[in-house]
Amino acid sequence: MEDESREFCTAQLVKLELMPKPAFFKQKLETEFYGTYFAQVKHEEPLTEDLANEAMALASAHGIAAADALNLCAALRLGADEFITSEKPGKPMFSVSRIRVISLHSLKSPRV
């Protein structure tokens, strides 16, 4: 997140997936982490019928789970170059060639 050459975008669905549970369970550090990320987001794709229709087509073509298809389509609609996910490589979402899908599991962690 500290890479100044990156511009972050997200889908409204991502907030719905990430924010409620840590807020409900008063997990302060996790809530603050997500808040820091969302504060840096430049563009957010709303949940719309058009997004759902595009996600249905993408999911049908690649066998992608519903939330993954919605998030991928949001990234595509926003013109993202990369889609970073916590999913492990090998999931159907990695077969989408219109965007580079990167798994956090494949990134090397910096040595401290």
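Quick note: the coordinates plus some simple rules give every number you see, no bench work behind them. Note that this is a predicted model, so its numbers are computed, not measured. Ideal geometry is used to build each Cβ from the backbone, glycine not excepted, and the neighbour counts take in all protein chains shown.
Rounded to the nearest 500, what is the chain's calculated 222 nm mean residue ellipticity when only DSSP H runs of at least 4 contribute -39500 (n - 2.57) each, over all residues?
-13500 deg cm²/dmol
Give me the log10 of I(q) over I(0) for the stretch 1-43 at q = 0.14, 0.20, 0.23, 0.34 Å⁻¹, as the Debye formula computes it from C-alpha points; what are the numbers?
Here the Debye-derived log intensity ratios amount to -0.34, -0.64, -0.79, -1.19.
How do E44, E49 rank when sorted from fewest to most other Cβ atoms within 10 Å of their own Cβ?
In increasing order of surrounding Cβ atoms, one gets E49, E44.
Hey, fewest Cβ within 10 Å first, where do S86, S5 land in order?
The order, fewest Cβ neighbours first, is S5, S86.
What is the antiparallel percent of DSSP beta bridges lying wholly in the chain, to the nearest 5?
0 percent
Could you give the Stokes-Einstein D for the stretch 8-106 in µm² per second, using the C-alpha Kirkwood radius, 10 °C, 1.306 mPa s?
After rounding, the answer is 113 µm²/s.
Determine, for H62, H105, H43, the number of other Cβ atoms within 10 Å of each Cβ, and report the residues in order from fewest to most.
Final ranking by Cβ density, sparse to dense: H105, H43, H62.
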